[in-house]
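Engineer: Handing you a structure now.
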Amino acid sequence: MPKTPSPCIDVCKYKRGGHCIGCSMTKAQKSAFKALTKDSQRDGFVQMLIAQQEVMGKYSGWRLAYARKCKKKGAKAPFDLVARKSA
């Protein structure tokens with residue numbers, strides 16, 4: 001099974017208090033993700049990031065872009081896009 005890919009979607013513009021406008025991560029969070037070796041840690045980090053985005057808002061395009069990235073890498077996206085759209 002492929003590793004969970006980085007939540008970064010290659011936008012990398014830091015605004016909103018040092019958070020990227022594409023993925024909502026800070027530079028420190030991006031560095032921390034790179035240091036994670038276990039897939040369970042990587043999945044947990046992505047779940048934390050999703051919760052962070054819910055609080056911050058305005059990152060709606062990230063889910064679709066990250067789902068595409070996961071599919072391209074052969075990994076399962078850590079959220080259910082169908083459930084999200086119907087909610």
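The values are calculated or read from the model by the stated rules, or taken from the named source; none is laboratory data. These numbers were taken from a predicted model, which means no experiment stands behind them. For neighbour counting, all protein chains shown are included, and Cβ atoms are generated from backbone atoms with ideal geometry for every residue, glycine included. Accessible surface is based on the protein model in full, side chains and every heavy atom, while ligands, DNA and RNA are left aside. Shrake-Rupley method; radii C 1.70, N 1.55, O 1.52, S 1.80 Å.
Engineer: Contour minus end-to-end for Val11 and Lys30, with contour as 0.36 nm per residue of separation and end-to-end as the Cα-Cα distance?
Structural biologist: Here the answer is 5.6 nm.
Engineer: From the helices alone, meaning DSSP H stretches of at least four residues, give me the mean residue ellipticity at 222 nm for the chain, per-run term -39500 (n - 2.57), in deg cm²/dmol to the nearest 500.
Structural biologist: Numbers: 4 runs with 47 residues, N = 87.
The helix contribution divided over the chain gives -16500 deg cm²/dmol.
Engineer: How much FRET efficiency would the formula 1/(1 + (r/R0)^6) give for Thr37 and Arg68, where r is the Cβ-Cβ distance and R0 is 22 Å, rounded to 0.05? Provide the component values of the computation, followed by the final result.
Structural biologist: Numbers: r = 25 Å, r/R0 = 1.12.
It comes to 0.35.
Engineer: So with the 1.4 Å probe, I'd like the accessible area per residue for the chain, rounded to whole Å².
Structural biologist: On the way: 5540 Å² over 87 residues.
Result: 64 Å² per residue.
Engineer: With a 10 Å cut-off between alpha carbons and a GNM built on the chain, which of Gly17, Gly44, Gly74 moves the most?
Structural biologist: Of Gly17, Gly44, Gly74, the Gaussian network model singles out Gly17 as fluctuating most.
Engineer: Which entry in [x] 91; [y] 177; [z] 132 matches volume of the Cα convex hull per residue in Å³ derived from the coordinates of this structure?
Structural biologist: [x]
Engineer: So what is the relative contact order of the chain, in percent, for Cα pairs below 8 Å that sit 6 or more residues apart? Before the final figure, lay out the partial values.
Structural biologist: Details: 82 pairs, mean separation 29.9, N = 87.
Normalised by residue count, the contact order of the chain is 34 percent.
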